[in-house]
1. In this structure, is residue 55 surrounded by 11 or more Cβ atoms within 10 Å (Cβ to Cβ), at pLDDT 90 or above, within 23 Å of the chain's Cα centre (by Cα) and assigned to a loop (DSSP other than H, G, I, E, B)?
2. When you look at residue 96, is it assigned to a strand (DSSP E or B), modelled with pLDDT of 85 or more, within 13 Å of the chain's Cα centre (by Cα) and over 23 Å from residue 23 (Cβ atoms), yes or no?
3. Having 3 or more residues that are more than 25 Å from residue 108 (Cα to Cα) and touching a helix residue (DSSP H, G or I) at 6+ places or on another chain (Cβ under 6 Å) is the bar; report the strands (runs of 3 or more DSSP E) wholly within the range 1-45 that clear it.
4. Please determine whether any residue of the range 64-72 is under 30 Å from residue 5 (Cβ atoms), surrounded by 12 or more Cβ atoms within 10 Å (Cβ to Cβ) and modelled with pLDDT under 85.
5. So which residues in the range 99-112 are surrounded by 17 or more Cβ atoms within 10 Å (Cβ to Cβ) and part of a strand (DSSP E or B), if there are any at all?
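The values are calculated or read from the model by the stated rules, or taken from the named source; none is laboratory data. Predicted model only: the values in this text are computed from it and were never measured. Every residue, glycine among them, receives a Cβ derived from its backbone with ideal geometry; neighbour counts consider all protein chains shown.
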């Protein structure tokens, strides 16, 4: 026997039941990452962001969506090979920004959600 809540509409059709999952945004914010000015690769990191409940592997429960308004530097817009990755940890995460250009700062807008 399964326990939980079931909600039915006026036509007696279950709209929410024990198998329902809903996307909930639980945190949002902005941060930035700057690529270093020297080295063989240009990867910069954002500060760690606290996100209680996140682990390195629970992507089926918590995840992060990211968008960016663009590069904040005199070198112009992001290149086609620039990328941002989420590095997950226990109760925290950070962004790794990789670019073919050095000394670039990327503004990052993020949304943390729970399924």
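1. Working: surrounded by 11 or more Cβ atoms within 10 Å (Cβ to Cβ): yes; at pLDDT 90 or above: yes; within 23 Å of the chain's Cα centre (by Cα): yes; assigned to a loop (DSSP other than H, G, I, E, B): yes.
In short, yes.
2. Judged against the criteria, residue 96 is a match.
3. Values: elements: 14-16, 24-34, 42-45.
Fully inside the range 1-45 and qualifying: nothing.
4. Initial filter on the range 64-72 (under 30 Å from residue 5 (Cβ atoms)): 64-65.
Adding the requirement that they be surrounded by 12 or more Cβ atoms within 10 Å (Cβ to Cβ) leaves 64-65.
After this cut, where a residue has to be modelled with pLDDT under 85 as well, the list is none.
No - not one qualifying residue is present in the range 64-72.
5. Listed by number, the residues that qualify are 99, 106, 108, 110, 112.
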